[in-house]
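Colleague: First the structure, then my questions, so here it is.
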């Protein structure tokens, strides 16, 4: 028993020293709390990042419950200027394009919260965009009043016409 204890104490001491030197940081994947949506027509779409502040609050700040709107606002303020999400490229996107979602955090934020980023980027494929409706120049020539010079259809609302009929009451 004394021999085991004699070997166990130096091992525990070494583990404690290593923990102090490494800072005992928790590795987190902040990308899992970001959702990228693509809006617009293929060829002219944009990417938007939406964050799950409820999940981020639980992960980063140890919130054990679902957060209300005030907790989420506090999480958002805590991250502002410290954690940044970017999508590259962000505009002019078409179905089948690939974009990169990246996250970065300043060193002070990481140190203060004793975390490190396990992942800093991931690649996504653009999909689900509507294909643009192309008109041919022959369509524009045939339909001058309903197609503009750029080949886009013009939809006009029809005006209701009111017809007043006057009855001749002279019978004679």
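The values are calculated or read from the model by the stated rules, or taken from the named source; none is laboratory data. From a predicted model like this one, the values you see are computed outputs, not experimental measurements. When we count neighbours, we look across all protein chains shown, and the Cβ atoms used for this are built from the backbone with ideal geometry, even at glycine.
Colleague: In region 66-73, is there at least one residue being at pLDDT below 80, more than 27 Å from residue 39 (Cβ to Cβ), in contact with a strand residue (DSSP E or B) (Cβ under 6 Å, 6 or more places away or on another chain) and not in a loop (DSSP other than H, G, I, E, B)?
Modeller: Within region 66-73, not a single residue is at pLDDT below 80, more than 27 Å from residue 39 (Cβ to Cβ), in contact with a strand residue (DSSP E or B) (Cβ under 6 Å, 6 or more places away or on another chain) and not in a loop (DSSP other than H, G, I, E, B).
Colleague: Restricting the search to region 87-99, which residues are surrounded by 14 or more Cβ atoms within 10 Å (Cβ to Cβ) and within 14 Å of the chain's Cα centre (by Cα)?
Modeller: Hits for region 87-99 are 87, 90, 99.
Colleague: Any residue that is assigned to a strand (DSSP E or B), at pLDDT 90 or above and under 17 Å from residue 33 (Cβ atoms) - is there at least one of those in region 86-93?
Modeller: Yes, region 86-93 contains a residue that is assigned to a strand (DSSP E or B), at pLDDT 90 or above and under 17 Å from residue 33 (Cβ atoms).
Colleague: Keeping to region 56-78, report how many residues are surrounded by fewer than 16 Cβ atoms within 10 Å (Cβ to Cβ) and under 17 Å from the mean Cα position of the chain (by Cα).
Modeller: Count: 1.
Colleague: Here's another thing I want to ask about it. Mind checking which pairs have a first residue in region 44-57 that is assigned to a loop (DSSP other than H, G, I, E, B) and a second that is modelled with pLDDT of 85 or more and crowded, with 17+ Cβ neighbours inside 10 Å, Cβ under 7 Å, 6 or more apart or different chains?
Modeller: Qualifying pairs under 7 Å: 52/33.
Colleague: Which is at pLDDT below 95, touching a helix residue (DSSP H, G or I) at 6+ places or on another chain (Cβ under 6 Å) and closer than 21 Å to residue 114 by Cβ, of 23, 57?
Modeller: 57
Colleague: Starting from residues that are at pLDDT below 90 and part of a loop (DSSP other than H, G, I, E, B), keep the ones in region 106-121 and report whichever is surrounded by the most Cβ atoms within 10 Å (Cβ to Cβ).
Modeller: Taking the candidates together, the pick is 113.
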